[in-house]
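**Q** What follows is a single structure, and I will ask about it in a moment.
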Amino acid sequence: MALTRVDFYSEVLGLSTSMTVILPQQTTTQIGMSGSAGQGDPPVLYLLHGLSDDDTIWLRRTSIERYVAPLGLAVVMPQVGRSFYADEEHGNRYWTFLTEELPRLCHGFFRLSARREDTFVAGLSMGGYGALKWALREPGRFAAAASLSGALDVAARRHATTAPLDPAVWHTAFGERPVAGSDDDLLALLGRATGDDDLPALRVACGTEDFLYEDNLTFVAAAHERGVPLTVDFSPGAHDWAYWDAKIQDVLAWLPLRAGG
């Protein structure tokens with residue numbers, strides 16, 4: 001694998017930012033692992049971080065580079081602060097950055113497949129919310145999307161009895177506008193889905209000891225009520241990196257990667 005951290009200027013954000021990127025490399029003589037790369041442009045996974053983290057966190061807390069080495073899969077890990085992947089009410093336009101500028105820049109900087117069937121998104125906690133929001137708002141972009149311990153009922157997080165969202169984070173991201181029923185509400189996005197929508201494959205994983213477990217139950221129930229297919233993985237686990245390091249491997253095994261890249 002090739003690993004690079006890209007420092008670049010974002011026109012959308014009006015500032016310099018960073019992303020960490022893993023690129024496939026065909027190798028046979030490395031000790032302890034081998035790398036794979038297909039013949040064409042590689043598939044890409046956008047892998048999103050949580051509330052307290054940045055673009056380096058997946059690499060620092062898991063073995064994601066080793067896990068994707070045999071898959072021929074590129075991984076793009078952007079940095080979005082504590083934005084909840086939104087165009088913030090009192091901050092910056094992170095939704096526009098994520099969904100418009102970032103893919104355009106990545107395809108300009110690197111050789112990546114632009115095919116829907118080769119494009120995936122996943123994330124943890126705030127990033128799990130961001131991954132499913134992106135997939136539900138732009139379903140034609142992705143073949144699959146996965147959430148690990150996601151904040152999937154974000155409107156309920158404002159006044160939750162357990163681990164409510166920091167009021168300063170909420171104010172910056174959403175201000176005083178109603179989130180319930182908006183394009184930032186995953187339950188509302190599910191409610192607009194119909195059986196005729198060509199949604200990507202969706203996966204939801206959460207530990208049963210996680211403080212966001214009830215939020216995930218709510219999302220799964222709403223998806224079932226609407227007839228939206230889901231792969232659900234509820235098993236013992238907390239809101240921690242031991243859980244996410246294990247579950248990202250399950251996500252990678254689940255992705256519908258095309259044989260031969």
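**Q** For the list (1) of a type outside the set (S, T, N, Q); (2) exposed (fewer than 15 other Cβ atoms within 10 Å of the Cβ); (3) on the phi < 0 side of the Ramachandran plot; (4) at pLDDT 95 or above, I need the number of the one condition that ASP250 fails.
**A** The number of the failed condition is (2).
**Q** Across region 212-227, what is the number of residues that are within 19 Å of the chain's Cα centre (by Cα) and in a loop (DSSP other than H, G, I, E, B)?
**A** 1
**Q** Would you check if ALA193 is at pLDDT below 95, in contact with a Lys or Arg (Cβ under 7 Å, 6 or more places away or on another chain), within 29 Å of GLY140 (Cβ to Cβ) and surrounded by 13 or more Cβ atoms within 10 Å (Cβ to Cβ)? It would help to see each step written out before you state the result.
**A** Working: at pLDDT below 95: yes; in contact with a Lys or Arg (Cβ under 7 Å, 6 or more places away or on another chain): yes; within 29 Å of GLY140 (Cβ to Cβ): yes; surrounded by 13 or more Cβ atoms within 10 Å (Cβ to Cβ): yes.
So ALA193 fits the description; yes.
**Q** Please go through region 158-180 and give me each residue that is surrounded by 12 or more Cβ atoms within 10 Å (Cβ to Cβ) and not in a loop (DSSP other than H, G, I, E, B), ordered by number.
**A** The answer is VAL169, TRP170, HIS171, THR172, ALA173, PHE174.
**Q** Looking at region 154-167, can you tell me whether even one residue there is more than 19 Å from ALA131 (Cβ to Cβ), basic (Lys, Arg) and at pLDDT below 95?
**A** Initial filter on region 154-167 (more than 19 Å from ALA131 (Cβ to Cβ)): 158-164, 166-167.
With basic (Lys, Arg) added as a condition, the list becomes 158.
Cutting the leftovers down to at pLDDT below 95 gives us 158.
Scanning region 154-167, I find at least one residue that is more than 19 Å from ALA131 (Cβ to Cβ), basic (Lys, Arg) and at pLDDT below 95, so the answer is yes.
**Q** Just for region 117-148: of the residues that are among the charged types (D, E, K, R) and touching a residue at least 60 places away in the same chain (Cβ under 8 Å), which one is surrounded by the most Cβ atoms within 10 Å (Cβ to Cβ)?
**A** ASP118
**Q** If you scan region 36-58, which residues turn out to be farther than 25 Å from ARG116 by Cβ and in contact with a strand residue (DSSP E or B) (Cβ under 6 Å, 6 or more places away or on another chain)?
**A** Answer for region 36-58, where residues must be farther than 25 Å from ARG116 by Cβ and in contact with a strand residue (DSSP E or B) (Cβ under 6 Å, 6 or more places away or on another chain): GLY50, THR56.
**Q** Let me ask something additional. Would you pick out the residues in region 218-239 that are out of contact with any strand residue (DSSP E or B) (no Cβ under 8 Å at 6 or more places or on another chain) and on the phi < 0 side of the Ramachandran plot?
**A** Those that are out of contact with any strand residue (DSSP E or B) (no Cβ under 8 Å at 6 or more places or on another chain) and on the phi < 0 side of the Ramachandran plot: THR218, ALA221, ALA222, HIS224, GLU225, ARG226.
**Q** Looking at region 215-247 only, could you name the residues that are exposed (fewer than 15 other Cβ atoms within 10 Å of the Cβ) and of a type in the set (Asp, Glu)?
**A** Correct list: GLU225, ASP240.
**Q** Just checking, how many residues over region 4-51 are closer than 24 Å to TYR94 by Cα and either modelled with pLDDT under 95 or among the polar types (S, T, N, Q) (or both)?
**A** Counting residues in region 4-51 that are closer than 24 Å to TYR94 by Cα and either modelled with pLDDT under 95 or among the polar types (S, T, N, Q) (or both) gives 6.
**Q** Name the residue, out of LEU102, LEU73, LEU98, that is more than 14 Å from the chain's Cα centre (by Cα), hydrophobic (A, V, I, L, M, F, W, C) and modelled with pLDDT of 95 or more.
**A** Exactly one residue qualifies, and that residue is LEU73.
The values are calculated or read from the model by the stated rules, or taken from the named source; none is laboratory data. What you are looking at is a predicted structure, and each value in this text was computed from that prediction instead of being measured. Every residue, glycine among them, receives a Cβ derived from its backbone with ideal geometry; neighbour counts consider all protein chains shown.
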